[in-house]
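Read the structure below first, then the notes.
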Amino acid sequence: MNAKTTARLMQGDEACAEGALAAGCRFFGGYPITPATEIAEVLSRRLPQVGGKFIQMEDEIGSIAAVIGASVGGAKALTATSGPGFSLMMENIGFAAMTEIPCVIVNVQRLGPSTGRPTSPSQGDVMQARWGSHGDYPIIALSPSSVRETFDLTVQAFNFAEKYRTPVILLMDEVIGHMRERIVLPDPETIERVERASTTVPPEWYKPYENLADVPPLMPFGEGYRYHITGLHHDERGYPTNRLDEVQPWLERIFRKIERSLSDILLYDEDGIQDAQTLVVAYGVTARSARHAVEMARERGRRVGFLKLKTIWPFAEEVVEHAAARLHHVIVPELNRGQLALEVERVVERHKVHRINRADGGMIQPAEILAAIEEREWAT
Amino acid sequence: MKKQQSLDDLKNPRESRVHERYLRHSKKFPNVWCAGCGIGIVLGTIVRAVDELQLNKSDVAMISGIGCTGRMPVYVDFSTMHTTHGRALAFATGLKMVRPEMKVIAVMGDGDALAIGGNHFIHAARRNIGLTAIVVNNSTYGMTGGQYSPTTPIGVRAATAPYGHIEQPFPIAELAVTAGAAFVARSTVYHVQELEKYIAQAIGKEGFSVVAAMRYCHTTLGRINRWGTAPTMMRRLKEQSITLKRAEKMSEEEKQGKIVRGVFVERDIPEYTQLYDQIIERAQAEAA
């Protein structure tokens, strides 16, 4: 029996760290914060074992900066934090989006605002993950709902980051991060790893922001390719520019590189939508309660469809629109005052959308979702 | 084959060769700095120091934050990165860790390095990671128009201190020594050869090295305080500065308002990325 694929009791944070290693992560820069600290602790032990580097920086701003710097040096790089640290990282996440430097930022969400309740779960940073840094930029955010899925989506986050030259945010939450589940990790040989695109053009011809392809190759510093990276608007060589004819193609490309690849990026599970009357759309830890409620409702003869989003950003608008088109009711439970529901309401007729919200640190119980399903169904 | 000598080579052989080799031909000149600014002088000393050390250009990275000095890297033919305000050293830390063989130079202004980036500055020094921090100190925020910075002297007027500045300035070199840097020196843009020597020593040093390069800003702080034109302010740098040797013999009162030039510390302490390599060895030995 292969020792690497045996069942293990593992915490979500630990699965995130193992997923990062499996994806080829070789640099972690972070700062202690509940409930994400375990990711740093595991990686401080595991990274040097595989020749990787770990550093505990002086704050979260420095952490994300070091991560971007390491990525520029060619390493797959990760940081992990929670709400307060995530807020501090925002400016440099925008820098990574602007300069198209791959990196993965894990936010193990805890109850906010401010210091909030560090050991209580939340899904309050969904909109911050999308719009947290100033200006317009695309972003990818994934959200796991189990320990095993945390492993898988961490691998996926690295793959997306490298493939699309973009920061990728993994939105975990306190329950997923701290919960222990019995999981079987995949055989490392079977894990798909995406490596950064490389080029063989001579260094003097290299254009790190060439608009020909959606994603131009990014050559690491230190290997003969000398070029400029800046948070200013830049031309194809990376030099600052004020020329609209240089800014516009770049702006179009950084959105295009995500929008053209939605079929690759949008990850979700759906079932029972074909003959449903009511649809439940959920993600992260709330998807567990939702799944339970959907099963209970089906046992009672209700026709309920279930859509679990694993990719939160970009929002799977066509998927939700298509799934909800024929239905009477869409229920969106989430641990906030209604964030992803805003997106659902944007693509589904608003009167069809029913929100179930909780932002006090407690969980949404399956019974609450079940009651909402039955209430809707009686009404029709 | 003997290389044809150009007129420039005859005038100042080393100068023209160095500029040709280290400035980017693809970059759209002229530069962003005001006529008479000292940042270009610092840039010149850095490339001459790199030349003197005979480093491969691909092994040199120049990282900056925001401000007038933040615009320095774009002109040089190294691997260059213009990052966010105050964070140059943090970006440089990540790069140095995964590319320890590279010479990573962080160029920062005084506000960049010591106000918004003060935390990274002291911690990079404490960690003794092998970066070179060059702080180009004009005692103000030049790009935004002459607001007071962490190094603005008491009593000076600034765009945000119209009644005179009341905060104590940071002494950059002394701060870096206390925080744990392996090499710390200070000079001015008037003392170009000395500055170049210190920068070469700093880049050559294993461990965290700091060079504080005093300059002036005649278009903002100079204008507000009526200190005169660039040449006048350049002369002030000469007149105000004293060597470390001389300063040691002077009383605190006599040293007031003086720029003390010299090497403040040079010590052999273990460098961070080399220590981390030992961590890797230890971790792999334990795992095996």
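The criterion of at least 1 residues that are at pLDDT 95 or above and surrounded by 13 or more Cβ atoms within 10 Å (Cβ to Cβ) is met, among helices (runs of 4 or more DSSP H) falling completely within region B:202-288, by B:221-224, B:230-240, B:244-248, B:272-287. Screening A:94, A:69, A:85 for residues that are more than 17 Å from residue A:29 (Cα to Cα) and part of a helix (DSSP H, G or I) leaves exactly one candidate, A:94. Does region A:44-61 hold any residues that are more than 23 Å from the chain's Cα centre (by Cα), in a loop (DSSP other than H, G, I, E, B) and at the interface with another protein chain (Cβ under 7 Å from one of its Cβ atoms), and which are they? Matches in region A:44-61: A:51, A:58. Among the residues that make up region A:70-89, is at least one of them crowded, with 19+ Cβ neighbours inside 10 Å, touching a strand residue (DSSP E or B) at 6+ places or on another chain (Cβ under 8 Å), more than 30 Å from residue A:252 (Cβ to Cβ) and within 8 Å of another protein chain (Cβ to nearest Cβ)? No, the conditions are met nowhere in region A:70-89. The condition of being within 14 Å of chain B (Cβ to nearest Cβ), buried (at least 16 other Cβ atoms within 10 Å of the Cβ) and either over 24 Å from the mean Cα position of the chain (by Cα) or on the phi < 0 side of the Ramachandran plot (or both) holds for only one of A:237, A:253, that being A:237. In the set (1) more than 8 Å from chain A (Cβ to nearest Cβ); (2) of a type outside the set (Ser, Thr, Tyr); (3) buried (at least 24 other Cβ atoms within 10 Å of the Cβ), the condition left unmet by residue B:94 is number (1). When residue A:45 is tested against the conditions (1) of a type outside the set (Ser, Thr, Tyr); (2) under 21 Å from residue B:99 (Cβ atoms); (3) surrounded by fewer than 24 Cβ atoms within 10 Å (Cβ to Cβ); (4) without any contact (Cβ under 8 Å) to a residue 40 or more places away in the chain, the lone failure is (2). Can you find a residue in region A:225-234 that is among the polar types (S, T, N, Q), in contact with a Gly (Cβ under 8 Å, 6 or more places away or on another chain) and over 26 Å from residue A:94 (Cα atoms)? No; the residues of region A:225-234 include none that is among the polar types (S, T, N, Q), in contact with a Gly (Cβ under 8 Å, 6 or more places away or on another chain) and over 26 Å from residue A:94 (Cα atoms). Has region A:27-36 got at least one residue that is in a loop (DSSP other than H, G, I, E, B) and without any contact (Cβ under 8 Å) to a residue 40 or more places away in the chain? Yes, region A:27-36 contains a residue that is in a loop (DSSP other than H, G, I, E, B) and without any contact (Cβ under 8 Å) to a residue 40 or more places away in the chain.
Conditions (1) part of a strand (DSSP E or B); (2) closer than 17 Å to residue A:81 by Cα; (3) touching a residue at least 24 places away in the same chain (Cβ under 8 Å), marked per residue:
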{"residue": "A:101", "(1), (2), (3)": "no, no, yes"}
{"residue": "A:110", "(1), (2), (3)": "yes, yes, yes"}
{"residue": "A:119", "(1), (2), (3)": "yes, yes, yes"}
{"residue": "A:130", "(1), (2), (3)": "no, yes, yes"}
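Condition check ((1) crowded, with 23+ Cβ neighbours inside 10 Å; (2) in contact with a strand residue (DSSP E or B) (Cβ under 8 Å, 6 or more places away or on another chain); (3) modelled with pLDDT of 95 or more) across all residues:
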site: A:153; (1), (2), (3): yes, yes, yes
site: A:168; (1), (2), (3): yes, yes, yes
site: A:172; (1), (2), (3): yes, yes, yes
site: A:181; (1), (2), (3): no, yes, yes
site: A:188; (1), (2), (3): no, no, no
site: A:214; (1), (2), (3): no, no, yes
site: A:219; (1), (2), (3): no, no, yes
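Within region B:60-104, the residues that satisfy the criterion of being part of a helix (DSSP H, G or I) and more than 17 Å from the chain's Cα centre (by Cα) are B:94, B:95, B:96, B:97, B:98.
Output yes when any residue across region B:108-121 is crowded, with 24+ Cβ neighbours inside 10 Å, in a strand (DSSP E or B) and in contact (Cβ under 8 Å) with a residue 40 or more places away in the chain, and no when none is. Yes: region B:108-121 contains one or more residues that are crowded, with 24+ Cβ neighbours inside 10 Å, in a strand (DSSP E or B) and in contact (Cβ under 8 Å) with a residue 40 or more places away in the chain. Scanning region A:202-234 for residues that are among the acidic types (Asp, Glu) and facing chain B (nearest Cβ under 9 Å) returns A:204, A:223. Going through (1) surrounded by 24 or more Cβ atoms within 10 Å (Cβ to Cβ); (2) on the phi > 0 side of the Ramachandran plot; (3) in contact with a strand residue (DSSP E or B) (Cβ under 9 Å, 6 or more places away or on another chain); (4) not β-branched (Val, Ile, Thr) one by one, residue A:158 falls short only on (2).
Comparison of A:276, A:287, A:297 shows that the only residue that is touching a residue at least 40 places away in the same chain (Cβ under 8 Å), outside the structural domain of residue A:94 (by TED's automatic domain parsing), more than 26 Å from residue B:64 (Cα to Cα) and outside any helix (DSSP H, G or I) is A:276.
For residue A:363, the conditions (1) outside any helix (DSSP H, G or I); (2) free of Cβ contacts under 8 Å to residues at least 40 places away in the same chain all hold with the exception of (2). Taking region B:40-76 as the range and being surrounded by fewer than 24 Cβ atoms within 10 Å (Cβ to Cβ), at the interface with another protein chain (Cβ under 7 Å from one of its Cβ atoms) and touching a Phe, Trp or Tyr at 6+ places or on another chain (Cβ under 7 Å) as the test, only B:57 passes.
Only one of the numbered conditions (1) facing chain A (nearest Cβ under 10 Å); (2) touching a residue at least 40 places away in the same chain (Cβ under 8 Å); (3) of a type in the set (Ser, Thr, Tyr) is not met by residue B:79, and that is (2).
The values are calculated or read from the model by the stated rules, or taken from the named source; none is laboratory data. Remember, predicted model here, so these are calculated numbers, not experimental data. Reconstructed Cβ throughout: ideal geometry from the backbone, glycine too, with neighbour counts over all protein chains shown.
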